[in-house]
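Read through the structure below, which is laid out as structure tokens, and then see the notes.
The values are calculated or read from the model by the stated rules, or taken from the named source; none is laboratory data. Since the structure is predicted, the reported quantities are computational estimates derived from the model, not experimental observations. Positions of Cβ are backbone-derived with ideal geometry, glycine not excepted, and every protein chain shown enters the neighbour counts.
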Amino acid sequence: MQGMSWRTELMIEEIPAPGKIAPYSVAIAAELSIGDDEVGNGQLVLLYNPDGNESWDGEFRCVTFSRSDVDPEMVADPLLVDVGWSWLLDALERNLASYTAPSGTVTAVSSKSHGAIGDQPKRSEVELRASWTPVIDHPGQITSHLQAWSELLCQTGGLPPLPEGVVPISRRIAAWNH
């Protein structure tokens, strides 16, 4: 994770990982910004249990949450929740990230504030909560899952995937730079 090259629109930092789900885990958080505007965020947790976990169908499990602002017309589209799920599966496939046992939910949310906070603008968001079991035979294979997760966050926030052959400018994880 330390050597991963992230798109410049993503600010990544290590965060505390859950300690009770698996004997080993690591977690990162991301903020997605376009210009000066934060348009989304997410978290990724990589869990590892050398004894395996029957419900995971393996020894590893990736768990993610992502949230992004979307256009009000987009959140009203009933197909958004299915398209949002396809963003995850397509990102895994495009990045050759082999996996099993995917599961999750996609939620489209539109909210309007009232009363004392009524002057806040309306919000339209899409949230994805998902997990999958990465097929990892050697440590380098986790990179394809990190790339897929990065692509998912960017696409959910409205940024298209990088064209084939384009490599993002390296941005190290913030917590490891200090």
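What is the number of the single condition among (1) assigned to a helix (DSSP H, G or I); (2) touching an Asp or Glu at 6+ places or on another chain (Cβ under 7 Å); (3) more than 26 Å from Ser33 (Cα to Cα) that Gly140 does not meet?
(2)
Please enumerate the residues belonging to the range 59-79 that are among the β-branched types (Val, Ile, Thr) and over 14 Å from Thr156 (Cβ atoms).
Initially, the range 59-79 is screened for residues among the β-branched types (Val, Ile, Thr), giving 63-64, 70, 75.
Matches in the range 59-79: Val63 only.
Based on this model, can you work out whether Ser55 counts as modelled with pLDDT under 95 and touching a helix residue (DSSP H, G or I) at 6+ places or on another chain (Cβ under 6 Å)?
Details: modelled with pLDDT under 95: yes; touching a helix residue (DSSP H, G or I) at 6+ places or on another chain (Cβ under 6 Å): no.
No: the conditions fail for Ser55.
When Met74 is evaluated against the numbered criteria (1) out of contact with any helix residue (DSSP H, G or I) (no Cβ under 9 Å at 6 or more places or on another chain); (2) over 18 Å from Ile142 (Cβ atoms); (3) in contact (Cβ under 8 Å) with a residue 12 or more places away in the chain, which criterion, by number, is the only one it fails?
(1)
Working only within the range 103-132, note down all residues that are out of contact with any Pro (no Cβ under 8 Å at 6 or more places or on another chain) and under 29 Å from Gly52 (Cα atoms).
Within the range 103-132, Ser103, Gly104, Thr105, Val106, Glu127, Leu128, Arg129 qualify.
Conditions tested, residue by residue: (1) in contact (Cβ under 8 Å) with a residue 60 or more places away in the chain; (2) under 24 Å from Val63 (Cα atoms); (3) of a type outside the set (A, V, I, L, M).
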| position | (1), (2), (3) |
| --- | --- |
| Leu80 | no, yes, no |
| Val83 | no, yes, no |
| Leu88 | yes, yes, no |
| Glu93 | no, yes, yes |
| Leu96 | no, yes, no |
| Ser103 | no, yes, yes |
| Val106 | no, yes, no |
| Ile117 | no, no, no |
| Gln120 | no, no, yes |
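Any chance the range 116-135 includes a residue that's at pLDDT 90 or above, loosely packed, with under 13 Cβ neighbours inside 10 Å and assigned to a helix (DSSP H, G or I)?
Within the range 116-135 (the criterion being at pLDDT 90 or above, loosely packed, with under 13 Cβ neighbours inside 10 Å and assigned to a helix (DSSP H, G or I)), the answer is yes, since at least one residue qualifies.
Please go through (1) modelled with pLDDT under 95; (2) in contact with a Gly (Cβ under 7 Å, 6 or more places away or on another chain); (3) within 13 Å of Leu152 (Cα to Cα) for Val39 and return the number of the only condition it doesn't satisfy.
(3)
Contact list please: Cβ distance under 8 Å, first residue in the range 42-56 and within 24 Å of Val106 (Cβ to Cβ), second residue surrounded by 10 or more Cβ atoms within 10 Å (Cβ to Cβ) and of a type in the set (Phe, Trp, Tyr), pairs at least six apart or on different chains.
Gly42/Phe65; Gly42/Trp149; Gln43/Phe65; Leu44/Trp149; Leu46/Phe60; Leu47/Tyr24; Leu47/Trp56; Leu47/Phe60
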